[in-house]
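Let me begin by presenting the structure, written as C-alpha cells, before commenting on it.
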Amino acid sequence: KAGVTQTPRYLIKTRGQQVTLSCSPISGHRSVSWYQQTPGQGLQFLFEYFSETQRNKGNFPGRFSGRQFSNSRSEMNVSTLELGDSALYLCASSTGLGGLDTQYFGPGTRLTVL
Amino acid sequence: KQEVTQIPAALSVPEGENLVLNCSFTDSAIYNLQWFRQDPGKGLTSLLLIQSSQREQTSGRLNASLDKSSGRSTLYIAASQPGDSATYLCAVGPNTGNQFYFGTGTSLTVIP
C-alpha cells in the first residue's frame, strides 16, 4: 500500500507570495491533518479535514487555509507569506473513525520564505 | 490550552540498555495519546497509540503506559539498539478527531 505523499518536497518563496501544498493520503483514508513544524515552536496543528469538511482547526491566522477533495486528497494554501512561515509542513492521514486510529505521516514539504 | 512536556530533551545511552522516556500533559481530559519517532529530515512514524480507557500498549521492544489522572505517559524501550536513535514525540488527542498536541520531543542517541 502506498504511503502518504506530499508535493512538492521543497519550496522557496519570497515574502508576500502565496503557496499551495498538496497531500495525497493512503488509499481508503478519509481524514487528512496538517501540521507545521519549526525548531522554536515544534509541531503545531493547523487543521483537519474529514470527508471534505474541516473538522478541527488550530490557532493559526486566516492566511492559512485548506481544502479536501472528494478523493480525500488535500491542499493547504498560505497567502501573503511571511519569514516566520518557513517550516516543515507535514500532513497525516488516517481512517478518521476514532478509536485506535493511527496517523500516518508524509515526508513533509520544506518551505523556505526569503 | 493543552501543554505537553517531554523530559529529558536529549538522552544518550549505550547499546543494550533499557530506557524510559517521559511525557506529561496538563489537561487530563484526553481521548488518546500517541508516541511517534522522527528520523532526521523525515516525517513521523507512529509507534504506539493508547486510548484514554487503556493503561498500556506494547509493540515488540516498546511499551507505552498512560496514567490519565496524573497526566503522564512513559515509553519504555527494552534492549536499545543504535537503530533506535531518533527523536521521540508524544502527542495528546483531546477528542475523536485528529487534532493532536505534540510535545517538544526527546532526542535519543544509542551508542554502539
Legend entry - Scope segment A:25-45; condition more than 18 Å from residue A:81 (Cβ to Cβ) and in contact with a Gly (Cβ under 8 Å, 6 or more places away or on another chain); matching residues: A:26, A:29, A:30, A:31, A:42, A:45
Legend entry - Selected residue (criterion: farthest from the other protein chains (Cβ to nearest Cβ)) from residues of segment A:80-105 that are at pLDDT 95 or above and part of a loop (DSSP other than H, G, I, E, B): A:80
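Having 1 or more residues that are within 15 Å of residue B:108 (Cβ to Cβ) and β-branched (Val, Ile, Thr) is the bar; report the strands (runs of 3 or more DSSP E) wholly within segment B:1-97 that clear it. Explain how you work it out, then say what you get.
On the way: elements: B:4-7, B:10-14, B:19-25, B:32-38, B:44-51, B:56-59, B:62-67, B:72-77, B:86-93.
Once the strands (runs of 3 or more DSSP E) in segment B:1-97 are filtered for at least 1 residues that are within 15 Å of residue B:108 (Cβ to Cβ) and β-branched (Val, Ile, Thr), what remains is B:4-7, B:10-14, B:19-25, B:44-51, B:72-77, B:86-93.
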Legend entry - Evaluation of residue A:75 against (1) closer than 27 Å to residue B:41 by Cβ; (2) surrounded by 22 or more Cβ atoms within 10 Å (Cβ to Cβ) (one fails), failing number: (2)
Legend entry - Options A:92, A:87; residue that is crowded, with 17+ Cβ neighbours inside 10 Å and closer than 24 Å to residue B:95 by Cβ: A:92
Legend entry - Flag for residue A:51 being surrounded by fewer than 16 Cβ atoms within 10 Å (Cβ to Cβ) and among the hydroxyl-bearing types (Ser, Thr, Tyr): yes
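Residues checked against (1) away from chain A (no Cβ under 13 Å); (2) in contact (Cβ under 8 Å) with a residue 24 or more places away in the chain; (3) over 14 Å from residue B:35 (Cα atoms):
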site: B:53; (1), (2), (3): no, no, yes
site: B:59; (1), (2), (3): no, no, no
site: B:63; (1), (2), (3): yes, no, no
site: B:71; (1), (2), (3): yes, yes, yes
site: B:87; (1), (2), (3): no, yes, no
site: B:104; (1), (2), (3): no, yes, no
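Select from segment A:21-79 the residues that are more than 14 Å from chain B (Cβ to nearest Cβ), among the basic types (Lys, Arg) and outside any loop (DSSP other than H, G, I, E, B) and list them in ascending order.
Step one: of segment A:21-79, the residues more than 14 Å from chain B (Cβ to nearest Cβ) are A:22, A:27-28, A:52, A:61-65, A:67, A:69-71, A:73, A:75-79.
Filter once more, keeping what is among the basic types (Lys, Arg): A:63, A:67, A:73.
The one that is more than 14 Å from chain B (Cβ to nearest Cβ), among the basic types (Lys, Arg) and outside any loop (DSSP other than H, G, I, E, B): A:67.
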Inset, instruction - Report, by residue number, each residue of segment B:29-51 that is more than 10 Å from chain A (Cβ to nearest Cβ) and within 25 Å of residue A:5 (Cα to Cα). - result: B:33, B:35, B:37, B:39, B:40
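So if I check each of B:64, B:86, which one is at pLDDT 95 or above, in contact with a Leu (Cβ under 8 Å, 6 or more places away or on another chain) and surrounded by 22 or more Cβ atoms within 10 Å (Cβ to Cβ)? Steps first, answer last, please.
Values: B:86 fails: surrounded by 22 or more Cβ atoms within 10 Å (Cβ to Cβ).
Exactly one of B:64, B:86 is at pLDDT 95 or above, in contact with a Leu (Cβ under 8 Å, 6 or more places away or on another chain) and surrounded by 22 or more Cβ atoms within 10 Å (Cβ to Cβ), namely B:64.
The values are calculated or read from the model by the stated rules, or taken from the named source; none is laboratory data. If you're wondering where the values come from, they're calculated on a predicted model, not measured in any experiment. Cβ atoms come from the backbone with ideal geometry, glycine included; neighbour counts cover every protein chain shown.
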